[in-house]
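Colleague: What follows is a structure written as structure tokens; I'll ask about it next.
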Amino acid sequence: MRKSALFGIAAVIVAANGVGSSVQAQTIDVFNFDLNGTSSSISNAVGTTTYDGIGAYTADSGTYWNPVDLSKSTGAITAVGIQNSQGSPSGTVTANGHSIAMTLGNLNGSGSGTQTASSNVGALLNDWATAGNPSSTAGEFGFLNLPANTPYMLYLYSINGSAGNNASTTFQIGTTSLTATNASPSDDSSFISGDNYVVFSGNTGEIGNTGQAAIQGVFIGTTANSMAYLDGAQLVLGTSSVPTPEPATLALFALGGLALLVGARRRGNKA
């Protein structure tokens, strides 16, 4: 019986180590985008702050956000030279050396709210690109040059500060639609799922024989007199689910198993 118990404990420890190794081997890349500035149609309204934080995806500690300049917007924008959340060029950290780009299209313009954030969260939610309502053309967003067949999570932030109609914005990727209600547009002190951000998950897929993939979608206002708002985005490549236990947690589990093993040996020696 004693040997069986020891073998069982050892097996648990080995299993814990094995799981920890698989977590460490998993590659997850995070790319953050902070929309800044306004179109020429709004005079002297420019982004005042670039967000510096981890966003709603709390499993990542990186705080670098790529500033997407909207100040020269003519309805379409392509942001290149993208770096990951640690401030490293995307071409050096994604599969096959792809250099990620973010695109925006069919924009009505952009804006900056009068809310000077009491917290850093507002620095992300205080500038936005705008698109139309259901009776007009939807705005477009895309993330290009992605590694193929890779799971992802995409956080899209939407709040329109103190400007315009504080209505909801619907985002759609494929057949999936999610709405940010902007129920408390003046509350930019925290990230609220379904209120000032939504999260899509899926797989990047593949385009032709290029081995490169894209995530593309649209956003539109939900009522006749409203506009749609997009303030920023986080693209997490390598997972489409909640974070798995960290190796440190698994290590504690293994140490507990070792303690049981030592105790069993001591009891065996006393016998």
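Colleague: State, to one decimal in nm, how far the label point of GLN212 lies from the label point of SER184, with both points 7 Å from Cα in the Cβ direction.
Modeller: Modelled inter-label distance: 4.2 nm.
Colleague: Right, here's the next one. So if we plug the beta-carbon distance of SER136 and SER193 into 1/(1 + (r/R0)^6) with R0 = 22 Å, what FRET efficiency do we get, rounded to 0.05?
Modeller: About 0.20, to the nearest 0.05.
Colleague: Once you have the Cα-Cα distance between SER88 and SER201, take 0.36 nm times their residue separation minus that, and quote the gain in nm to one decimal.
Modeller: 38.3 nm
Taken together, the values in this text are just the output of simple stated rules run on the coordinates, not laboratory data. Please read all numbers here as calculations on a predicted model, not as lab measurements. No Cβ is skipped: glycine too gets one built from the backbone with ideal geometry, and neighbour counts run over all protein chains shown.
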